[in-house]
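The values are calculated or read from the model by the stated rules, or taken from the named source; none is laboratory data. Every value quoted in this text rests on a predicted model; they were computed, and no experiment measured them. Here the Cβ positions follow ideal geometry from the backbone for every residue, glycine too, while neighbour counts run over all protein chains shown. Quick note on the areas: whole protein, heavy atoms, side chains included, nothing else; ligands and nucleic acids left out. Shrake-Rupley method; radii C 1.70, N 1.55, O 1.52, S 1.80 Å.
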Amino acid sequence: MKLLPTLDITDAGVVNLDDEARRWFVDNPNAFKDALLDPVAMQGVVDAMHHRLGVSWSYGSYLEDRSVMLAGSYLDETGGYIHLGIDVNVPAGTPISAPYSGQIVHVFDDGDESCGWGYRLIIKPDDDSIPYLILGHLSNSVVKLGDTVSTGDALAQVGSPPFNGRWFPHLHVQQLSRQYIASHEQEDFESLDGYGHRDGIKDLRAEYPDPTWLLEG
């Protein structure tokens, strides 16, 4: 697998983290609604899920409604709980490589240690038929703005809290359509979010296409 070369796709499970959050709250009925914003608590949920499924890592789910998992977060203000990418639930330090050739067009660390992006990269693929690629919650980047990368080149590693935005360790993978890029200025990259509102899901699907093929292809 080019994006995460040290992982074996046959040892992974496809999961819905909001379903796992619901399961956890049933088992912990006295927990506060924002309990799973604690990265240690959510890592416990992920570890138990992997043990139950008999897998060492997992990924999913595109356009998942995370109104249970992320209750009490900044998303409460807008109700935009729809996850625009996929999360790859792997240990901190897992190497990340370029899945295709392209250029690094955005390098950003939002410095937000409460539901933030942490360190984030955006790649513009050389192939015009492929959307831009957003990778979030990183550490130890070995690329900088303007660099060109080839398939398999090292990019970064999966980050750890609090510097990854204070999440449990995982890689956020999100695509950004060429049409979106054409209709926005490049500096708009900094305002990107990983979540949107269900009312606009048709547009969200067009602007942020499903990136699952990067793991399964």
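Which number gives the lysine pairs in the chain that have C-alpha atoms under 24 Å apart and are eight or more places apart or on different chains?
4
Keeping all protein chains in place and using 1.4 angstrom, which order do S139, S97, S150 fall into by accessible surface area, from largest down?
Ranking S139, S97, S150 by accessible area, largest first, yields S150, S139, S97.
Given (i) 1.08; (ii) 0.97; (iii) 0.92 as candidate values of Cα Rg over 2.2 N^0.38 Å, which corresponds to the one derived from the coordinates?
(ii)
Leaving out ligands and nucleic acids, note down the accessible area per residue over the chain with a 1.4 angstrom probe, in whole Å².
With all protein chains present, the chain gives 46 Å² per residue.
Leaving out ligands, DNA and RNA, what percent of the accessible area of segment 79-150 is carbon and sulfur, probe 1.4 Å?
Here it works out to 47 percent.
Tell me, what is the FRET efficiency for V105 and N28 to the nearest 0.05, using R0 = 35 angstrom and their Cβ-Cβ distance as r?
0.25
Which of K202, K124, K144 moves most in a GNM of the chain, Cα contacts under 10 Å?
Evaluated over the chain, the most mobile residue of the options is K202.
Taking Cα atoms, how many degrees apart are the long axis of helix 17-27 and the longest axis of the chain, rounded to 10 and kept between 0 and 90?
Compared with the principal axis, the helix lies near 10 degrees.
Using alpha-carbon positions, what is the distance between the centroids of segment 173-209 and segment 115-132, in Å?
Measuring centre to centre over Cα atoms gives 11 Å.
Working with all protein chains in place, sort W213, W167, W24, W57 by solvent-accessible area computed with a 1.4 Å probe, largest first.
Descending accessible area places them as W213, W24, W167, W57.
Would you mind checking the tilt of helix 39-53 against the longest principal axis of the Cα atoms of the chain, expressed as 0 to 90 degrees and rounded to 10?
Taking Cα atoms only, the helix is inclined about 90 degrees.
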